[in-house]
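Enquirer: Could you have a look at this structure, given as structure tokens, before my questions?
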Amino acid sequence: NSTSSGPDTRKPSHLFYQSRLRRPLVARAEGIYLWDQSGKRYIDGTSGPMCVNIGYGNPRVNEAIKRQLDQTSFAYRLHFENEAAEELARELTAQMPGDLDRAFFVSGGSEAVESCIKFARQYALATGQDQRRKVISRFPSYHGGTLGALAVTGYEPLTAPFAPMMESMPKIPAPTTYLDRDNLSPEQRGLKYADLLADAIEREGPESVLAFLMEPVGGASTGALVAPDSYYGRVAEICKQYGVLLIYDEVMSGAGRTGRYLAADHWGITPDIVALSKGLGAGYAPLGAMIARTPHVEAVLDAGGFMHGYTYAGNPLACAAGRAVLHELLDHNLMENATLRGEQIQAGLRRLAERFPFIGDVRGKGLLVAFELVSDRATMAVLPKELNAYQRCVDLAHEKGLIIYSRRTRGGIEGDHLLVCPPLIVTAAEVEEILSIIADTLATFAQ
Ligand code: PMP
């Protein structure tokens, strides 16, 4: 288990999350580090998960929140505008490609995805396309915990219990091309997977398909899966051809994590709608956003308004935090650092793969990096489930003071992967320390 050493003498908890397992009480956090109450220091190698992009305890963000708190902590959005939300919308949309110029703020990633789906539907209604209601997504994928976001999530263990309570949407396979044993080039493979979307649209009936939703770089469900370059452009073309809205879930990949503000920017794609969260508030505030294109927003507003909202949408405290986070990201060139440090991590993991034959694929973009644990690198065969490899490595790293994230799934099939995604402020020396703890962890695991 992952708790600190010694018997747990704490009072019974009235709080509950996923299991009975109790975690150490956090005492303090700064930069890429957290300390528990026993004084033990941990490196956050997964940015708590993939969220604290600018590190903990940033004085500029703390100051911005305090200033906003002293001015106005809350003003209901349908009664008052607030400058923090206005300014964040202006500065955030300036980071977006094309005419993605309008922001709708929410409190997290699931709400952002829900907003994208409901916005897409209202755009279809506003433009006389009432039949369009199906959102095609991919498996594996994770798009959030609310019922709407779960309906488009491609991860059975999470969706199965609720299947009777929601209408599951059509799914196509995400491009796990590294597992393919055909003779195609990466470019051909990318196109092959993209064409699965056209097949699905034809199968479902083009007039009934509202949108296609995808994570441009997969998150925890796939282990930082990146598609061949050809995939992205072809998917966008297919969506355009069929009048299907392209929604990018950049809740994890966005806000600079992959080295560009949006992962979409690596491929020059302008999606129709984008979901953001995690790195937007970077752990300083619950914040998410749906970014939409001006003509679409105008159409929805002309048709009577966007019938959707949350009490905390556009919350001044959260938006003030988000604005300071964005300033930190830009002023310190953290996206450039994400690219460099991500390359350093991938190179380090490839070196470790020479020493540890059970390291399989190493992949990712910027500081969204993963590696697999396999029994045979040539065939990419998985390790036996009973070995619990992913959890064992997480626990060993935890003992050694490194927090990493893992899942026993890859490309929708069984397999162990570990994510290495430290904050974007991580230095070259800190990356070496992370790699050395991973090396120790794997050496202990191999015993
Ligand atoms: N989409 C993606 C790609 C995610 O990674 C997550 C969170 N892991 C979500 C949506 C849901 O975000 P939240 O947990 O903030 O609701």
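Enquirer: Rounded to the nearest Å, what's the spacing between the alpha carbon centres of the range 344-392 and the range 394-447? Just the number, please.
Expert: Value for the Cα centre distance between the two parts: 10 Å.
Enquirer: Identify the GluC sites (Glu not before Pro) of the range 166-257 meeting these criteria: DSSP loop state and at most 15 other C-beta atoms within 10 Å of the C-beta.
Expert: Passing sites in the range 166-257 are 167.
Enquirer: Convex hull over the Cα atoms of the range 331-400, averaged projected area in nm²?
Expert: 5.8
Enquirer: Assuming a ≥ b ≥ c are the square roots of the Cα gyration tensor eigenvalues, decide whether the range 53-92 counts as rounded (a/c under 1.5), prolate (otherwise, with a/b larger than b/c) or oblate.
Expert: oblate
Enquirer: Right, another one. Among rounded, prolate and oblate, which fits the range 195-322 when a ≥ b ≥ c are the square roots of the eigenvalues of its C-alpha gyration tensor, a/c under 1.5 means rounded, and a/b larger than b/c means prolate? List each step's numbers first, then the result.
Expert: Values: a/c = 2.23, a/b = 1.23, b/c = 1.81.
Since a/c reaches 1.5 but b/c is at least a/b, the shape of the range 195-322 is classed as oblate.
Enquirer: Which value at 222 nm does the chain reach when only helices count, each DSSP H run of 4 or more adding -39,500 (n - 2.57), with the total divided by all residues and rounded to the nearest 500 deg cm²/dmol? Spell out each step's value before the answer.
Expert: Numbers: 13 runs with 165 residues, N = 447.
So the helix-based figure for the chain works out to -11500 deg cm²/dmol.
Enquirer: So what J values fall out for the range 173-183 if you push phi through Karplus, 6.51 cos²θ - 1.76 cosθ + 1.60 with θ = phi - 60°, rounded to Hz, Gly and Pro as x?
Expert: Karplus values, whole Hz, x for Gly and Pro: x, 6, x, 8, 5, 5, 9, 6, 10, 9, 9.
Enquirer: Now, a different point. Between residue 70 and residue 387, what is the label-point separation in nm under the 7 Å Cα-to-beta-carbon projection?
Expert: Taking the two extended label points, one gets 5.7 nm.
Enquirer: In nm, what is the difference between 0.36 nm times the number of residues separating residue 377 and residue 129 and their Cα-Cα distance?
Expert: 84.4 nm
Enquirer: Taking a 24 Å limit on the Cα-Cα distance, which of the listed pairs 134/240; 11/40; 134/278 fall beyond it?
Expert: Checking Cα-Cα distances, 134/278 exceed 24 Å.
Enquirer: Which value in Å is the Kirkwood Rh of the range 60-331 over different Cα pairs?
Expert: 19.0
Enquirer: How high is the relative contact order of the chain, given as a whole-number percent (alpha carbon pairs under 8 Å, six or more residues apart)?
Expert: Worked out over the chain, it gives 22 percent.
Enquirer: By counting other Cβ atoms within 10 Å of each Cβ, how are 127, 409 ranked from fewest to most?
Expert: Sorted ascending by nearby Cβ count, the order is 127, 409.
Enquirer: For the range 229-281, which trypsin sites (Lys or Arg not before Pro) are both in a DSSP coil and crowded by at most 15 other Cβ atoms within 10 Å?
Expert: Loop-located and lightly packed - none at all.
Enquirer: Using a ≥ b ≥ c from the Cα gyration tensor of the range 86-133 (square roots of the eigenvalues), is it rounded, prolate or oblate, where a/c under 1.5 gives rounded and otherwise the larger of a/b and b/c decides, a/b for prolate?
Expert: Oblate shape, in that a/c is at least 1.5 and b/c is the bigger or equal ratio.
Enquirer: Further, regarding this structure: So which chymotrypsin sites (Phe, Trp or Tyr not before Pro) in the range 1-68 end up in coil per DSSP with only 11 or fewer other C-beta atoms within 10 Å?
Expert: Answer in residue order: 16, 17.
Enquirer: Counting other beta carbons within 10 Å of each Cβ, put 332, 296 in order, fewest first.
Expert: Exposure proxy ranking, most exposed first: 332, 296.
Enquirer: What's the center-to-center distance, using Cα atoms, between the range 173-205 and the range 108-156 in Å?
Expert: 22
No lab work stands behind these numbers, since they all come straight from the coordinates. Please read these numbers as outputs of a predicted model, since none were measured by experiment. Here Cβ is always computed from backbone atoms with ideal geometry, including for glycine, and neighbour counts include all displayed protein chains.
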